[in-house]
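Structure record follows, encoded as structure tokens.
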Amino acid sequence: MSNVLQLPSSMGYLMLRAIVSKLSTNLSIPIHVKLRLCNPPSLTPSLAVLLARAGASVVTLHARHVASRHRRKGAAELKWVRAVKSALLEESELEDVVVLSNGNVRAHEDCEKNLRETGADGVMVGEALLGNPKWVV
């Protein structure tokens with residue numbers, strides 16, 4: 001869906017909202033959306049709120065830009081995960097939306113640090129786990 005955000009913001013946002021709304025209305029399972037940072041990143045919390053209002057019950061933010069597809073291209077900007085969590089908590093009807101943080105997790109200790117730094121409800125792990133699946137145990 002990252003191509004959708006290459007459209008003018010309002011058109012892309014409306015399309016994403018429509019997709020999530022349709023899924024939420026027609027499926028009996030929780031809708032989980034995974035985002036990367038918007039350009040500019042300050043738009044990311046409002047996108048998360050928009051998608052939660054449309055019916056997403058879990059929002060994962062991989063706090064990197066689309067151009068930074070691999071973890072070796074710098075640290076994730078975890079402050080935006082905290083901003084997403086705060087924006088959802090400000091809306092009383094969205095306070096139950098689960099926020100997962102994705103990025104900067106290469107070892108078990110990083111999970112705890114990530115949760116402290118972001119205030120997220122959980123952590124999603126990707127490439128690091130593929131490289132060393134035993135560290136989860």
Failed criterion for P8 (all others in (1) more than 28 Å from E127 (Cα to Cα); (2) of a type outside the set (K, R); (3) at pLDDT 95 or above hold):
(3)
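Taking S21, is it in a loop (DSSP other than H, G, I, E, B), over 22 Å from L129 (Cβ atoms) and either among the polar types (S, T, N, Q) or modelled with pLDDT under 95 (or both)?
No: the conditions fail for S21.
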L88 versus (1) within 17 Å of P45 (Cα to Cα); (2) among the hydrophobic types (A, V, I, L, M, F, W, C); (3) exposed (fewer than 14 other Cβ atoms within 10 Å of the Cβ): which is the lone unmet condition?
(3)
Against the conditions (1) farther than 18 Å from L16 by Cα; (2) in contact with a His (Cβ under 8 Å, 6 or more places away or on another chain); (3) among the β-branched types (V, I, T), where does V58 fall short? Just the number, please.
(1)
Tell me, please, whether a residue that is touching a residue at least 40 places away in the same chain (Cβ under 8 Å) and either out of contact with any helix residue (DSSP H, G or I) (no Cβ under 9 Å at 6 or more places or on another chain) or part of a helix (DSSP H, G or I) (or both) can be found in region 24-32.
no
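The values are calculated or read from the model by the stated rules, or taken from the named source; none is laboratory data. Computed from a prediction, not measured in an experiment: that's the story for all the values here. FYI the Cβ positions are ideal-geometry reconstructions off the backbone, even for glycines, and counts take in every protein chain you see.
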